[in-house]
1. Are any of the residues in segment 4-26 open to solvent by less than 90 Å² (accessible area, probe 1.4 Å), out of contact with any Cys (no Cβ under 6 Å at 6 or more places or on another chain) and at positive phi?
2. Might you let me know whether segment 24-40 holds any residue that is at pLDDT 95 or above, in a loop (DSSP other than H, G, I, E, B) and either among the polar types (S, T, N, Q) or touching a strand residue (DSSP E or B) at 6+ places or on another chain (Cβ under 6 Å) (or both)?
3. Under 7 Å between Cβ atoms, at least 6 apart or on separate chains: pull out the pairs that start in segment 7-30 with a residue that is among the hydrophobic types (A, V, I, L, M, F, W, C) and end on any residue that is open to solvent by 100 Å² or more (accessible area, probe 1.4 Å).
4. Test each condition in (1) under 29 Å from Lys126 (Cβ atoms); (2) loosely packed, with under 13 Cβ neighbours inside 10 Å for Val33 and report the one that comes out false.
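The values are calculated or read from the model by the stated rules, or taken from the named source; none is laboratory data. Bear in mind the structure is a predicted one, so any value in this text is a computation, not a measurement. When we count neighbours, we look across all protein chains shown, and the Cβ atoms used for this are built from the backbone with ideal geometry, even at glycine. Surface accessibility is based on the protein's heavy atoms, side chains included, excluding ligands, DNA and RNA. Shrake-Rupley method; radii C 1.70, N 1.55, O 1.52, S 1.80 Å.
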Amino acid sequence: MSGTDAGTYPMELTPEDFTNDNPNFTDVEFVIVDGALKINPIGVTVTITEHSDTTDYDGQLHTVTGYDVAISDPLYTEAYFTFSGNATVSGTDAGTYPMELTADNFTNDNPNFENVEFVIVNGALKINPIGV
């Protein structure tokens, strides 16, 4: 028995897998207590750091897009989760425009990992007012 993904892999032995080769015993019953390989899923933390930018007001539209990913276990990759949301924030006037991603924007798609925690490090576009 072998396996690579989380789950239980039974040996699936049957009495027919065994034969009595000893002529001293004519009525032999093989009772099987089947074993198994169990691979438990593991937990992982995925840190999402929203991009940020700061600029002075110039009357133009400014945009910040995207995020960086850091993962606590090298076995887990970005291919194992999906993102559903908008990782873009734009603004023209002076002020702070947060990106506002949440952990709910990310979904673990790999059953080999349980308790995948998505931690968001907030980012924003900040447009500073200017003196005149």
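1. yes
2. no
3. If the second residue must be open to solvent by 100 Å² or more (accessible area, probe 1.4 Å), the pairs left are Met11/Met1.
4. Of everything listed in (1) under 29 Å from Lys126 (Cβ atoms); (2) loosely packed, with under 13 Cβ neighbours inside 10 Å, Val33 misses just condition (1).
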